[in-house]
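Participant: This is the structure, below, for whatever I ask next.
The values are calculated or read from the model by the stated rules, or taken from the named source; none is laboratory data. The model shown is predicted, which means the values in this text are computed figures rather than measured ones. Heads up, the Cβs are rebuilt from the backbone with ideal geometry, glycines too, and the neighbour counts pull from every protein chain shown. Keep in mind that these areas ignore ligands, DNA and RNA; they rest on the heavy atoms of the full protein, side chains included. Shrake-Rupley method; radii C 1.70, N 1.55, O 1.52, S 1.80 Å.
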Amino acid sequence: MCQTRERRVALVTGASRGIGRACALGLARAGFDVVVNDLPRESAPLESVRAEIAALGRAAWTVLADVSDAAAVRSMVAAAIAAAGQIDALVNNAGILIVNSVEGLEEAQWDAVMNVNAKGTFLVSQALLPHMRARRYGRIVNIASIGGKHGAPLQAHYSASKAAVMGFTRVLAQEVGADGITANCICPGIIVTDMGRTNLDDPTTRDQWVRITALRRLGQPEDVAGPVVFLASDAAAFVTGQTLNVCGGIVLS
Ligand code: NAP
């Protein structure tokens with residue numbers, strides 16, 4: 001899938017579990033060496049993911065940082081480049097979901113969700129851009145959500161953060177395209193992860209989600225990895241500023 005004889009390295013944030021872990025392993029299977037990031041509290045599971053990538057025969061490194069902390073992000077990106085020598089593809093996957101109504105939402109909850117999902121995507125992209133511009137090559141894949149297009153009750157702040165990721169990506173693509181860098185979004189649907197289970201807490205809700213999905217099943221983290229690998233690869237060289245729904249056909253476009 002790399003479709004190149006050149007070595008390619010990807011950095012994946014929030015990669016200790018769920019969609020991030022599946023993307024990191026999918027990229028490794030496609031021939032990428034991979035730097036995996038997560039919060040310092042996730043160092044043990046992140047090390048397991050690193051070992052899984054190494055077992056696939058690819059080089060792998062861990063870099064711990066909170067993506068919403070600008071200073072930590074700068075150090076993390078510098079450490080990733082120093083360890084791997086280059087970063088060709090960035091997958092901004094780290095994200096959080098806090099469920100609350102608009103009227104009940106605390107300012108701190110709004111800030112937390114916006115800081116990780118929207119600001120984190122901006123900070124990691126910004127920190128990596130000088131490196132990508134210097135090499136005149138880059139693939140940035142931002143994990144948004146179908147929730148950023150339509151959304152669901154109790155997730156207004158999450159929906160706003162993911163809509164922000166999509167808007168950010170469309171403009172980023174225009175700013176960096178001349179230097180051979182692409183930027184695209186993936187919008188997962190209901191994916192069975194720790195976060196995804198928040199949308200599946202009772203069997204009726206689960207059945208409703210399956211019923212409105214054209215493929216009549218919930219998504220697995222591996223379902224997201226394939227499209228991410230494509231957008232991170234040389235095969236997607238002429239695709240930029242796009243948003244791809246990976247939702248089994250909940251949102252049709
Ligand atoms: P998940 O299972 O909760 O995993 C998210 C990972 O990101 C966790 O390891 C988490 O660490 C890490 N993380 C959280 N805050 C971070 C930070 N500030 N810095 C670095 N890492 C951080 O979630 P997921 O379902 O795999 O979701 C991955 C992405 O897909 C998110 O952006 C999410 O919004 C998006 N998405 C998911 C679904 C779905 O149905 N699952 C649907 C649409 C979009 P901790 O556990 O320690 O917080």
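Participant: Grab the other residues whose beta carbon is less than 12 angstrom from that of Lys119, score K and R as +1, D and E as -1, and report the net.
Facilitator: -3
Participant: Based on the mean of other Cβ atoms within 10 Å per residue, sort peptides 65-75, 223-233 so the most packed one is first.
Facilitator: By packing density, highest mean first, the sequence is 223-233, 65-75.
Participant: Moving to a separate point now. Explain nothing, just the number: dipole magnitude of the chain about its Cα centre with +1 on each Lys and Arg Cβ and -1 on each Asp and Glu Cβ, in debye rounded to the nearest 20. Show your work: numbers first, answer last.
Facilitator: Numbers: 23 positive and 22 negative charges, 163 e Å.
Here the size comes out at about 780 debye.
Participant: Quick one: order Glu47, Glu175 from most to least accessible surface, probe 1.4 Å. Provide the component values of the computation, followed by the final result.
Facilitator: On the way: Glu47 75, Glu175 120 Å².
Listed by decreasing accessible area, they come as Glu175, Glu47.
Participant: A follow-up question, please. Taking the 0 to 90 degree range and rounding to the nearest ten, how far is the long axis of helix 43-55 tilted relative to the main principal axis of the chain, both from C-alpha atoms?
Facilitator: 60 degrees
Participant: Once amide H atoms are placed 1.01 Å from N in the peptide plane, what residues at a sequence separation of 5 or more from Ile140, or on another chain, have their amide H within under 5 Å of its amide H?
Facilitator: Here the answer is Leu90, Thr182, Ala183, Asn184, since their amide H atoms fall under 5 Å of that of Ile140.
Participant: Excluding ligands and nucleic acids, what accessible area in Å² is computed for Phe168 using a 1.4 Å probe, to the nearest 10?
Facilitator: Here the accessible area works out near 60 Å².
Participant: Which of Val246, Ser161, Leu200 sits farthest toward the positive end of the charge dipole of the chain, with +1 on the Cβ of Lys and Arg and -1 on the Cβ of Asp and Glu?
Facilitator: Value: Val246.
Participant: Roll a 1.4 Å probe over the protein heavy atoms and report the accessible area of Arg139 in Å², nearest 10.
Facilitator: The accessible area of Arg139 comes to roughly 10 Å².
Participant: Shifting gears a bit: Give me the extension gain from Val171 to Ala44: residue separation times 0.36 nm, minus the current Cα-Cα distance, reported in nm with one decimal.
Facilitator: Full-extension gain reported as 42.1 nm.
Participant: Count charges around Asn142 for me, please; just the other residues with Cβ under 13 Å from its Cβ, Lys/Arg as +1, Asp/Glu as -1.
Facilitator: Net of charged neighbours comes to +4.
Participant: At 222 nm, what helix-only mean residue ellipticity would the chain give, in deg cm²/dmol to the nearest 500, using -39500 (n - 2.57) for each DSSP H run of four or more?
Facilitator: Rounded to the nearest 500, it is -13000 deg cm²/dmol.
Participant: Additional query: Would you kindly state how much longer the chain becomes between Glu222 and Val210 on full extension, computed as 0.36 nm times their sequence separation minus their alpha carbon distance, in nm to one decimal?
Facilitator: Contour length minus the Cα-Cα distance gives 2.6 nm.
Participant: List the residues, sorted by chain then number, that are 5 or more residues from Arg8 or on another chain and whose placed amide H is less than 5 Å from its amide H.
Facilitator: Asp33
Participant: Choose one answer from Gly189, Gly18, Gly85: the residue with the largest mean-square fluctuation in a GNM of the chain with alpha-carbon springs under 10 Å.
Facilitator: Of the options given, Gly85 has the highest mean-square fluctuation.
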